[in-house]
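I have placed the structure first, in the form of structure tokens, so that the comments after it can refer back to it.
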2 protein chains.
Amino acid sequence: MTTDALIANGPLDEPSKIAEIIVPAMGEEELDSVLANGATARLLLGVAAQDDCAAFRLEGDQIIVAGSDYVRGPKFSLYEKGFITNYDIGWYLAGANISDIAAMGAVPLGLLSVVRYPKALRDSDFSQLIEGIRDGARAAGALNVGGDIGSAERIILSASAFGVVEPGNLLTRTGARPGQFLCITGPTGLAGGAMKLANAGEDIAREEYSALLAKWQRVTPRVTHGRIFARSPAVTSCLDTSDGLKGAVETLAAASGVSIVVEEDLLPIDDSVRRAAARLNCDVLELLFGDSVDFELVATVDADGVNDVSAECAQSGLDLHVIGRIEPGSGSVLQRGRETVGIPGASWRHTA
Amino acid sequence: MTTDALIANGPLDEPSKIAEIIVPAMGEEELDSVLANGATARLLLGVAAQDDCAAFRLEGDQIIVAGSDYVRGPKFSLYEKGFITNYDIGWYLAGANISDIAAMGAVPLGLLSVVRYPKALRDSDFSQLIEGIRDGARAAGALNVGGDIGSAERIILSASAFGVVEPGNLLTRTGARPGQFLCITGPTGLAGGAMKLANAGEDIAREEYSALLAKWQRVTPRVTHGRIFARSPAVTSCLDTSDGLKGAVETLAAASGVSIVVEEDLLPIDDSVRRAAARLNCDVLELLFGDSVDFELVATVDADGVNDVSAECAQSGLDLHVIGRIEPGSGSVLQRGRETVGIPGASWRHTA
């Protein structure tokens with residue numbers, strides 16, 4: 001059945017959506033992963049199997065990690081305003097969930113996606129959403145292996161992702177120790193900048209804002225970084241910036257029982273964030289530290305290993321920025337020249 | 001902080017909800033599973049770790065199964081009408097998701113729960129919901145190991161469950177073959193009966209309806225049945241009745257490429273379903289086969305193994321009912337005396 005035919009006939013029911021849209025979109029997918037210790041994972045049952053569950057065969061010792069993110073909320077005002085499409089939010093759902101897998105140092109395997117939609121949603125829009133989920137997962141090396149679809153008053157999107165990592169290589173938030181360096185995989189503030197500009201009435205579809213909007217359209221979880229971190233004995237902790245950079249630093253300091261000093265001069269700042277701050281007439285550091293869901297990774301690295309880790313990232317064509325250091329104590333501060341000040345931006349209090 | 005204090009201060013923000021309600025509710029949880037082949041799974045990071053993901057250490061060859069169910073929808077009119085509480089729907093979320101794990105023959109390990117709530121929801125209600133999820137998971141041998149909480153316009157509940165099974169013991173929907181028997185773990189129609197009575201204006205909180213309402217209040221996934229089925233070489237396929245008995249039979253017949261003959265005289269019928277049918281002035285078979293989410297398991301069993309499987313269930317104090325047979329061909333029918341007729345009830349077309 002073609003997309004045109006789907007529209008002409010009105011939205012399909014659930015079993016037909018699975019048979020006509022979802023299973024064809026997924027194709028005959030295969031996935032094999034091999035960890036550094038020789039442990040393997042292989043897909044047995046994916047979407048096409050249409051069984052009660054997806055299934056992977058695991059051989060050898062490994063740690064499986066799993067997390068869930070609901071991604072539909074006020075932040076999808078960008079969708080309501082037409083800046084991101086159904087395909088984009090599908091991709092976002094996959095990327096946001098796989099980012100948590102990357103933050104544990106794991107190889108992503110599968111995504112379970114929950115897609116509830118209003119009955120009036122056209123099948124062509126539904127198809128694009130499913131294709132966005134598929135492509136977002138594939139871009140990160142994972143497969144959409146199942147989930148739940150059905151109707152609701154409005155689009156509701158939630159997912160779970162899971163992956164595997166070698167025993168001993170799992171990255172948690174508790175390993176930061178005084179003397180280590182704080183590193184980040186890329187500049188922050190882009191996603192938040194896009195949101196704030198759109199809320200201020202700017203047309204962020206314009207070319208000058210493309211780098212900002214891309215953060216919402218093509219979430220790129222830092223899987224390769226995560227795997228480099230996991231395999232390096234010098235990397236001691238990791239988390240993603242899904243609660244903003246200030247949130248990540250505060251969470252890491254609290255979980256590890258340390259103090260974190262971020263150095264202003266070391267922070268990577270994207271030109272697009274500088275321009276957004278100028279347009280919004282705000283401090284660029286507020287964008288950079290604040291509520292911006294850029295899905296970068298923050299990690300701590302032993303002082304004598306940081307050059308090796310940076311070099312390994314560079315060999316994969318990836319950046320790594322040292323942005324601070326770990327000290328004894330608690331809390332987190334910004335070093336500005338010879339002064340230390342509080343970190344700008346709002347902390348993570350989603351529902352306060 | 002006590003529950004009273006929580007109410008007096010108004011709803012907590014997200015990080016406080018995690019720290020004050022969720023982590024204390026979960027306690028210091030531990031979970032170890034050992035499969036028949038000696039493979040093990042052990043919880044490394046649960047809710048208390050508050051990391052990006054939950055983590056389990058797996059040793060030895062095993063199959064991991066994972067599925068997702070969104071459970072908030074029109075069917076929760078029972079919640080809107082006050083027949084089921086926040087605790088009950090929490091339990092339902094856990095039970096519904098773990099039922100899919102049971103249907104694969106797997107040992108449940110973990111549940112990731114997505115709970116989005118209106119800002120006006122009292123913390124005491126939120127606590128009860130979280131406790132319901134916890135207790136529903138624990139009753140099935142699993143732990144709530146993480147997920148996502150936050151606000152939304154109304155309560156949205158979704159989850160993913162995962163578990164492990166020995167290679168070779170995975171139960172799918174494709175293994176039914178002619179000559180085998182069709183079995184079910186218990187009577188159906190109770191959940192649907194409760195819903196239809198409530199929709200007809202009956203007060204289903206009354207004692208006479210307690211067996212029906214209990215299907216919504218305390219979902220009991222058939223994990224022990226599933227494990228008996230998984231370990232028996234005589235059991236060839238399995239699925240749960242979350243789309244109703246008619247839906248399960250049709251799905252199984254289509255997935256395995258067989259015809260299924262259900263025998264009317266063999267169907268287990270609970271007295272409460274007979275009474276509900278009388279009250280509703282409908283055919284008891286319509287309740288029994290129709291849209292009733294009873295979370296029983298339907299399985300196919302080799303003819304020469306069915307007595308052993310039944311005996312093993314009986315040793316665990318569990319029922320198993322032979323209700324039909326598998327034949328060559330396609331489709332499914334009801335044998336009524338010497339006649340065969342179409343199976344009563346509506347097929348699974350949630351959004352038709």
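The values are calculated or read from the model by the stated rules, or taken from the named source; none is laboratory data. All of these numbers come straight from a predicted model, not from anything done at the bench. Here the Cβ is made from the backbone with ideal geometry for all residues, glycine too, and neighbour counts use every protein chain on show.
Observations on the structure shown:
- Index of the failed condition, B:ASP61 passing every other in (1) within 11 Å of another protein chain (Cβ to nearest Cβ); (2) over 23 Å from A:GLY175 (Cβ atoms); (3) surrounded by 23 or more Cβ atoms within 10 Å (Cβ to Cβ): (3)
- Every condition in (1) modelled with pLDDT of 95 or more; (2) more than 9 Å from chain A (Cβ to nearest Cβ) holds for B:SER113 except the one numbered (2).
- Looking only at segment A:120-163, and only at residues there that are more than 8 Å from chain B (Cβ to nearest Cβ) and β-branched (Val, Ile, Thr), the one that is surrounded by the most Cβ atoms within 10 Å (Cβ to Cβ): A:ILE133
- Matching option when the condition is crowded, with 17+ Cβ neighbours inside 10 Å, of a type outside the set (A, V, I, L, M, F, W, C) and modelled with pLDDT of 95 or more, among A:SER292, A:SER316, A:SER332: A:SER332
- Residue count for segment B:70-92 satisfying the condition of being within 12 Å of another protein chain (Cβ to nearest Cβ) and crowded, with 23+ Cβ neighbours inside 10 Å: 1.
- Elements of type strands (runs of 3 or more DSSP E) in segment B:284-352, at least 3 residues being under 21 Å from the mean Cα position of the chain (by Cα): B:297-301, B:321-327
- Of all positions in segment A:233-251, none carries a residue that is part of a helix (DSSP H, G or I), among the aliphatic types (A, V, I, L, M) and more than 19 Å from the chain's Cα centre (by Cα).
- Pick from segment B:113-150, criterion charged (D, E, K, R) and either without any contact (Cβ under 8 Å) to a residue 60 or more places away in the chain or not assigned by TED's automatic domain parsing to the domain that holds B:SER16 (or both), ranking: nearest to B:SER68 (Cα to Cα): B:ASP148
- Residue within segment B:185-194 that is under 27 Å from B:GLN62 (Cα atoms), touching a helix residue (DSSP H, G or I) at 6+ places or on another chain (Cβ under 9 Å), outside the structural domain of B:VAL71 (by TED's automatic domain parsing) and crowded, with 21+ Cβ neighbours inside 10 Å present: yes
- Of all positions in segment B:52-69, none carries a residue that is of a type in the set (D, E, K, R) and assigned to a helix (DSSP H, G or I).
- Matching residues, segment B:25-51, being in a loop (DSSP other than H, G, I, E, B) and more than 18 Å from B:ARG138 (Cβ to Cβ): B:LEU35, B:ALA36, B:ASN37, B:GLY38, B:ALA39, B:GLN50, B:ASP51
- Exclusive hit being modelled with pLDDT of 85 or more, within 11 Å of chain A (Cβ to nearest Cβ), crowded, with 20+ Cβ neighbours inside 10 Å and on the phi < 0 side of the Ramachandran plot, set B:ALA19, B:ALA39, B:ALA49: B:ALA39
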